[in-house]
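What follows is calculated from the coordinates using simple rules that are stated; it is not laboratory data. Keep in mind the model is a prediction, meaning the values are calculated, not measured. Positions of Cβ are backbone-derived with ideal geometry, glycine not excepted, and every protein chain shown enters the neighbour counts.
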Amino acid sequence: MADANAVVLNLEEKGPPNGNLIGKVESRLFEAQKLSHLPKRPPVKLEFKDLTYTVQEGSFRKKVQKEILKSLQGKFASGQLTAIMGPSGAGKSSLMNVLAGYKTRHMRGQILVNGKERDLGTFRKMSCYIMQDNHLLPHLSVMETMMISANLKLSQKMKLSEKKLVVNEILSLLGLTESSKTRVTNLSGGQKKRLSIALELVNNPPIMFFDEPTSGLDSSSCLQCVSLMKSLARDGRTVVCTIHQPSAKIFEIFDRLYVLGDGQCLYQGSIRGLVPYLKNMGLVCPPYHNPADFVIEVTCGEYGDHMSTLAKAVKEGKCKESDRQLMLSLTPASSVAPSRDQSPLTPTQPNGHLPLSSSSSEDVAAAHAQGDRSPSVEIKSCKAVQVTLSMNTRSGHVNGSATVSCTDNQYQDISEINMKHTFATNTLTQFYILFKRAFFMILRDQVLTQLRLLSHLAIGVMIGLLYLNVGNDGSKAYSNCGSHFFSILFLMFTALMPTVLTFPLEMNVFIKEHMNYWYSLKAYYLAKTMADVPFQIIFPVIYATIVYWMTAQPSDAQRFVLFLCIMVMTALVAQSCGLLIGAATPSEQVATFAGPVTAIPILLFSGFFVSFDTIPKYLQWLSYCSYVRYSFEGTLLIIYGLDRGDLECKEGDFCLFQTSEDVLKELDVEDGKLYVDFVVLAGFFIFLRLCAYCVLRFKLRAAR
């Protein structure tokens, strides 16, 4: 029999009364509270009742409502690390998305935050959702990524030096200090996962959601990740994660378990109470068998169809009763003791410290049922803390429990959190930070940026050599028009195709950051689209300058400037078209296919391959929708209009066009107005940009 000797220590609010022994215990108690520079947040208790979530399946005509979550109930308290488990298709991710506020449509039921109905705007500011995949920007360093997060999520009134203290403290805690100058693309999987967590820790959210945090990690990295989440929970946060068949060692780190099967809750309670509870339900876990594997096998039906029985038992409160009985059986004789080289008062928790709790009696009961686990607490709100450490000479471990008498309610009203429905920074600051980030991303993307520059130089020289000195030759007027059309064609595709992938490549990053309340959609859209504008001006100017002088166009400063402007406008409109296509398409593959396909009708009705009068009347309206038509018309008016004189015609050559007016008449643009072409191109630019923004806004709402 275990020889248990209990030692009771009273730790008053002003500190330990005496003795170095008590000081050692106190240092263990507060080991998890290392983030001293983070903004303070009160604890959050999340509860949901009769939660139902449905999705639509089937064809457009025959849509069927499929129920993913079926009248779920549950509660996640602060200071606890809760695992949501279940087989594939059980509804784990759906439950996480609904609780985190990522899915709001087709959801019924109550979600309560600290006992009050959840306000989604406020809740999103005080919570974070770290997804399964690490959606990070590859060309930024760890420190740069963290500082962007700090500048966006922390108050503008906070000094830069204070923000750096917060960032350095988080990086030190998560073991990323040595990698602070490393680019994200060169980080390992475990480091990327820790960086994803670090980005959300900047504003110290009291509730954190993790979707499959151990996915793709080795056993060592998995243990580090789950231990980190445990430490975050011990700091007073509410930490909830989905996990798929963890090892026994990792499974024991969790405080609470929520098991799903076919959209129903089959168990909710302590980790330690799982096996006894299932045994009472007639499901005996085999010896030396991982309880996590066993409960998944049960939900998959390998031991018979117990789904309805387990779901009914949860609704009848048998899980709570089982936890309460387990607590009563463990409380009188706490079975733990020190090893020879261990101090009798040194707890051997997974994270090396003993947590405290001021939770409700129900939470404390559940915590006691876990043996060496109990919820953490904000000590400032408590008058006295009583810690009981029991020693077991046979097991060589120390077990601890804590009872806390608090004068104030631990779970405060959400209105006291002082979080308005606004972002931490204003729109102008968000735009400035995001513009810098997007600009540096383009500069550091060597493949995209350098290839674009080289292509404009190489193709410009190639076109110049092919159409060398044809600009003022009357016998080669058609060739000169062809050179201008292919210049427009080249600038159109070089602006269109890279931009098509702008939003598909970063959509996951944007959704994660926007839903975690980093910045607004309009700030992101303006910054992302404007960051590429300087490159869409510089590259066409370089190309057009080479082509203009190599093809011997008129040596007129006014014509040259106007030629550069029409080329730049063409590139900007093509870029806007690419943004719209990228925003409207669901994936990279669809975007790369839709880009060239949509460009075909634009080119067909441009006026180069067929004149306007030749187009059937029922298709002529398409010509007005082609921005290339206005670019080509404007280019011809710049080169051959503006009162240009006669063209050169060498002796012995047949000159079809003697004057520049003949060229304009032949191409049916003699009545064109240059200012109209510029105005229409500017209209296309604004209209397409607004359409792309509206499409993004619609997709964002549809994603919820």
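Observations on the structure shown:
- Under-5 Å amide H pairs with G261, H placed in peptide plane, nonlocal only: L266
- Shown here for segment 278-325: GluC sites (Glu not before Pro) in loop regions (DSSP other than H, G, I, E, B) with at most 13 other Cβ atoms within 10 Å, namely E316.
- Across segment 449-455, rounded Karplus estimates of 3J(HN,Hα) from the backbone phi angles (6.51 cos²θ - 1.76 cosθ + 1.60, θ = phi - 60°) give 5, 5, 5, 5, 5, 5, 5 Hz, Gly and Pro being marked x.
- Enclosing the Cα atoms of segment 142-279 in their convex hull gives a volume equal to 128 cubic angstrom per residue.
- The listed peptides 597-604, 656-663, ordered by packing as a protection proxy, come out as 656-663, 597-604 (highest mean of other Cβ atoms within 10 Å first).
- Taking amide H atoms as placed 1.01 Å from N in the peptide plane, the amide H of T238 lies under 5 Å from those of V44, G79, I207, M208, each 5 or more residues away in sequence or on another chain.
- Of K125/K315; K193/K249; K116/K318; K103/K315; K70/K192; K153/K192, pairs whose Cα-Cα distance is over 23 Å: K125/K315; K116/K318; K103/K315; K70/K192
- Residues in segment 65-92 that a label on K249 would reach, taking backbone N under 12 Å of a point 7 Å out along Cα→Cβ: none
- Neighbour net charge for V676 - beta-carbon separation under 12 angstrom, K R +1, D E -1: -1
- Arranged from fewest to most other beta-carbon atoms within 10 Å of their beta carbon, K650, K320 become K650, K320.
- Of the three principal axes defined by the Cα atoms of segment 620-704, the extents in descending order read 73, 22, 21 Å.
- When D262, D445, D671 are sorted by how many other C-beta atoms sit within 10 angstrom of their C-beta, beginning with the fewest, the order is D671, D445, D262.
- Loop-resident trypsin sites (Lys or Arg not before Pro) (DSSP state other than H, G, I, E or B) in segment 40-103 with no more than 10 further Cβ atoms inside 10 Å of their Cβ: K40, R61, K62.
- Residue-by-residue Karplus 3J(HN,Hα) for segment 165-178, coefficients 6.51, -1.76, 1.60, Hz, glycine and proline x: 4, 4, 5, 4, 5, 5, 4, 5, 5, 8, x, 10, 4, 5
- The ranking of H484, H456, H139, H289 by Cβ neighbour count inside 10 Å, starting from the fewest, reads H289, H139, H456, H484.
- Rounded to whole numbers, the Karplus 3J(HN,Hα) couplings from phi for segment 294-309 are 5, 5, 5, 4, 5, 5, 7, x, 6, 10, x, 8, 10, 4, 5, 5 Hz, using 6.51 cos²θ - 1.76 cosθ + 1.60 with θ = phi - 60°, and x at Gly and Pro.
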